[in-house]
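Below: the structure, in structure tokens.
The values are calculated or read from the model by the stated rules, or taken from the named source; none is laboratory data. Keep in mind that what you see is a predicted model, and the values were worked out from it rather than measured. With ideal geometry, Cβ positions are generated from the backbone for all residues, glycine too; neighbour counts draw on all protein chains shown.
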Amino acid sequence: MSLGKLSAGLAHELNNPSAAVVRSSKELAKHLKYVPDKFKAVIRIEMDEHKVDRVNAILFDSVSKGIQELSMMEKGDLEDEILDWLDERGVEDSDELAENFVDFGIGVEQLDAIAEDTDEEDQQAVFGWINQVLTTERLVNEIEDASQRISDLVLSIKSYTHMDQAPEKVATDIHDGINNTITMLNHKLKGSNVQIVKNYDENISQPEILPSSVNQVWTNLLDNAIDAMDGENEKKLTITTSQDGDFIKVIINDTGAGIPEEVMDKIFDPFFTTKPIGKGTGLGLENVQQIIRVNHNGTVDVASEPGNTTFKVCIPVKSKA
């Protein structure tokens with residue numbers, strides 16, 4: 001069941017960036033078909049070398065800065081300014097040009113500078129060429145970002161499972177495993193609108209653990225916490241790490257409904273679950289206890305009340321086996 005959840009979530013997470021790559025690639029191929037006509041219009045222009053350099057400097061300065069982070073209101077106001085400027089000069093495709101120019105930080109001041117160095121009859125070709133370069137840059141960035149997202153997900157899967165490593169205890173950054181687990185559960189976190197708060201102590205030691213097994217601990221505890229907050233108004237999942245002498249402590253707190261006091265002493269029993277039939281197997285917390293207490297000589301403690309459930313996992317820094 002857990003594997004099915006993770007597989008479904010990963011399929012969803014991988015589908016978005018892969019679809020973006022396909023979409024942007026098709027747009028880029030379509031876009032590049034218009035390059036010869038734009039280029040033909042540009043090479044007919046006779047411009048002084050220094051003027052060409054100044055226009056080039058404006059263009060490639062905007063490309064190097066990349067797409068600007070703007071609010072919808074800021075973007076709308078700037079687009080209106082540029083639309084008015086372009087329409088006053090009769091520049092075609094002003095809507096498309098305005099959107100691209102604003103995104104890449106080209107404003108009225110830069111347009112004035114370009115117009116000053118360009119003859120009026122050549123401005124359509126120059127602005128069209130600039131727009132062509134910016135559109136190409138945008139599509140390439142979209143493909144790069146989506147491809148990087150896919151690469152990050154695959155790397156997280158590999159790190160999460162440690163499928164390229166022998167099953168032996170190794171000194172491991174505990175945060176890597178937690179972060180990879182969050183990545184694995186990202187689809188469920190977003191779907192449930194859960195806020196993640198990380199209070200990591202970056203200076204703690206690296207405990208000697210079985211990374212893949214311990215990742216199963218984080219998976220079970222985080223997955224349970226998400227389910228426990230279903231239907232709650234406040235959905236906050238807080239993960240805190242610290243070191244206490246020879247032990248690493250990981251505290252996972254959620255704002256869910258809590259564990260009833262009458263079943264508290266049963267939650268680590270095999271096949272016991274408070275989840276509805278078909279949603280839980282009753283083996284998650286039993287597995288957590290087996291991995292931490294038996295395989296790592298650590299401890300697992302829980303405290304719960306409505307709106308505040310905390311699991312505390314303590315793992316020794318040095319392995320005894």
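Do you know which residues across segment 78-91 are more than 22 Å from Asp61 (Cα to Cα) and surrounded by 12 or more Cβ atoms within 10 Å (Cβ to Cβ)? Once the filter is applied, which keeps residues that are more than 22 Å from Asp61 (Cα to Cα) and surrounded by 12 or more Cβ atoms within 10 Å (Cβ to Cβ), segment 78-91 yields Asp80, Asp84, Asp87, Arg89, Val91. Elements of the type helices (runs of 4 or more DSSP H) sitting completely within segment 1-102 and holding at least 3 residues that are modelled with pLDDT of 80 or more: these cover 2-32, 49-65, 72-88. Of the residues contained in segment 284-291, one or more are found to be more than 20 Å from Asp227 (Cα to Cα), at pLDDT below 90 and of a type outside the set (D, E, K, R).
Does segment 118-138 contain at least one residue that is over 27 Å from Ser24 (Cβ atoms) and modelled with pLDDT of 85 or more? No, segment 118-138 contains no residue that is over 27 Å from Ser24 (Cβ atoms) and modelled with pLDDT of 85 or more. When the residues of segment 24-62 are narrowed to those that are over 13 Å from Val133 (Cβ atoms) and of a type in the set (Ser, Thr, Tyr), which ends up surrounded by the most Cβ atoms within 10 Å (Cβ to Cβ)? That would be Ser24.
Filtering segment 188-201 to residues that are surrounded by 13 or more Cβ atoms within 10 Å (Cβ to Cβ) and in a loop (DSSP other than H, G, I, E, B) leaves Ser192, Val194, Tyr200, Asp201. With respect to the conditions (1) within 18 Å of Ala125 (Cβ to Cβ); (2) in contact with a Gly (Cβ under 8 Å, 6 or more places away or on another chain); (3) loosely packed, with under 14 Cβ neighbours inside 10 Å; (4) not β-branched (Val, Ile, Thr), Lys65 lacks only one, and its number is (1). Of all residues in segment 202-218, at least one satisfies being surrounded by 14 or more Cβ atoms within 10 Å (Cβ to Cβ) and part of a strand (DSSP E or B).
With respect to being modelled with pLDDT of 85 or more, within 38 Å of the chain's Cα centre (by Cα), surrounded by 11 or more Cβ atoms within 10 Å (Cβ to Cβ) and not in a helix (DSSP H, G or I), Gly105 fits the description.
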